[in-house]
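S.K.: Structure in structure tokens, see below.
Just so it is clear, none of the values below were taken in a lab; they were calculated from the coordinates. Every value quoted in this text rests on a predicted model; they were computed, and no experiment measured them. Here the Cβ positions follow ideal geometry from the backbone for every residue, glycine too, while neighbour counts run over all protein chains shown.
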Amino acid sequence: MNNRYIILLLVSLIFSKELYCQNIVSDRRFSPNVYNSNQIDISKQNVIYKYDYIENLKTSVRKSSLTILQIGKIISKFTDYNLLKKDSLENKFSKKEYLGAEEMNLIFPVLKEIGFKKEILRDSNKDSITFQGKVHSTKYEYKEKIPSLNWKLKKGDKVILDYKVKKATVNYGGRKWIAWYSEDIPINLGPYIFGNLPGLILELYDNEENFHFSAIGIDNKQTEIYKRVEKKIVRTSKKDFFKAERNFHEKPELFVRGTIRGGANFKKIPYNPIEIID
Amino acid sequence: MKSLFLGLTFLLASFSGTSDVEKTVTEEFVCSNWATINPKCGNTYYLCTDSYGSFDDFIADVSYFNSVKC
């Protein structure tokens, strides 16, 4: 191909990318938020899972993101990889004089990639799980005991990431879950709240394939396991958290405070929660 | 006649099967700062930033409007 065509192709690619990128133009300046976090453990292993999920049951379009399980000595943390990136950006922003369009345009590409919107901290000493998650702009926290899952070990084996894995099933949160775990990695953890099997869960999905976690990498990097400490957090129950989440999806007009030029149609947001709670 | 028209509009909205609520900006609406939002899909819109006390509230609303617009 002629060099001129290659340059033209590159230029058009750059411009088409610019054209389709999220962009906010605004003179408004906001005061930065205070950022606080406590280091609660250090990971000895990290498992990266690809997370595929269906948000809208009407269209069944599959979305995906990357999630991470940080395994510490006592505490493990499961969250979206981009939620960690968002925290890192918010930490940087907290040191700025003001936040404006530049910061908005930095944070949006990260927010867009977040698929799994909760942070789950599992404390094996206290036998408890702490959940943190946002409903629109309000952050909530709730705690529960580590659930005792009644796994049924099934016949069948396969190989994931060169590890031989075995099959098990369980009913939890209104869904039937299928897990593939490896006894070669004697860690009783997995994605979301799942664990209590004789090995690390490397693949997990519900029988309707609404949610699917597949391990794509394991490393032994020591990374900080932290918990965000926020003044404005709402401490609630699991039932009330899911109720608030459902309310936001069904009646967003009660949560959104802004005004769009020309008026806005407040549309319902498709809701397909990982746990079905009445 | 006007009340009949309003009644019919209400009935139509009730039977439309959606819960869309129209929030109309009247001609008297005054905003000191409009932010221009160009989402990836190209449906540019303008959001009044006056009512936001924090960066997080603004970001949360833009995330919602982007999902509606795209």
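S.K.: Per residue of B:38-49, what is the mean number of Cβ atoms on other protein chains within 10 angstrom of that residue's Cβ?
M.R.: Other-chain Cβ atoms within 10 Å of each residue's Cβ, averaged: 5.
S.K.: Listed here are the pairs A:Lys112/B:Lys69; A:Lys63/A:Lys139; A:Lys118/A:Lys139; which of them are more than 21 Å apart at the Cα?
M.R.: On the way: A:Lys112/B:Lys69 14 Å; A:Lys63/A:Lys139 24 Å; A:Lys118/A:Lys139 10 Å.
A:Lys63/A:Lys139, as the Cα separations exceed 21 Å there.
S.K.: If you don't mind, there's one more thing I want to ask. Between rounded, prolate and oblate, where does region B:22-70 land on the alpha carbon gyration tensor, with a ≥ b ≥ c its root eigenvalues, rounded for a/c under 1.5, else prolate if a/b exceeds b/c?
M.R.: The shape class here is oblate.
S.K.: Let me ask something additional. Rounded to whole Hz and in sequence order, give me ³J(HN,Hα) for region A:141-150 from the Karplus expression 6.51 cos²θ - 1.76 cosθ + 1.60, θ = phi - 60°, writing x for Gly and Pro.
M.R.: Whole-Hz 3J(HN,Hα) from phi for region A:141-150: 9, 9, 10, 8, 6, 4, x, 8, 8, 8.
S.K.: Where does helix A:238-250 land angle-wise versus the long Cα axis of chain A, in degrees 0 to 90, nearest 10?
M.R.: Its long axis makes an angle of about 40 degrees.
S.K.: Check A:Leu202: other-chain or 5+ apart residues with amide H under 5 Å from its amide H, H built from backbone geometry?
M.R.: It is A:Trp180, A:Tyr181, A:Ser182, by chain and number.
S.K.: Binned at 10 Å from 0, what are the whole-percent values of the Cα-Cα distance distribution for chain A, short to long?
M.R.: The distribution over chain A is 6, 23, 33, 22, 12, 4, 0, given as percents.
S.K.: Please give me, ordered by residue number, the trypsin sites (Lys or Arg not before Pro) of region A:87-116 that lie in loop per DSSP and have at most 14 other Cβ atoms within 10 Å.
M.R.: A:Lys95, A:Lys96
S.K.: Can you show me the helix-derived [θ] at 222 nm for the protein assembly as shown, built from DSSP H runs with n ≥ 4 at -39,500 (n - 2.57) apiece and divided by the number of residues, rounded to the nearest 500.
M.R.: It lands at -8000 deg cm²/dmol.
S.K.: Report relative contact order for chain A in percent, whole number only (criteria: Cα-Cα under 8 Å, sequence separation at least 6).
M.R.: RCO, chain A: 21 percent.
S.K.: In this model, which of A:Lys44/A:Lys238; A:Lys117/A:Lys231; A:Lys267/B:Lys40; A:Lys86/A:Lys232; A:Lys86/A:Lys243; A:Lys143/A:Lys232 are farther than 27 Å apart at the alpha-carbon?
M.R.: In this structure, A:Lys44/A:Lys238 lie more than 27 Å apart at Cα.
S.K.: So, one more: Please tell me which of these pairs span more than 30 angstrom C-alpha to C-alpha: A:Lys239/A:Lys268; A:Lys134/A:Lys158; A:Lys92/A:Lys239?
M.R.: Values: A:Lys239/A:Lys268 21 Å; A:Lys134/A:Lys158 37 Å; A:Lys92/A:Lys239 34 Å.
Result: A:Lys134/A:Lys158; A:Lys92/A:Lys239 exceed 30 Å.
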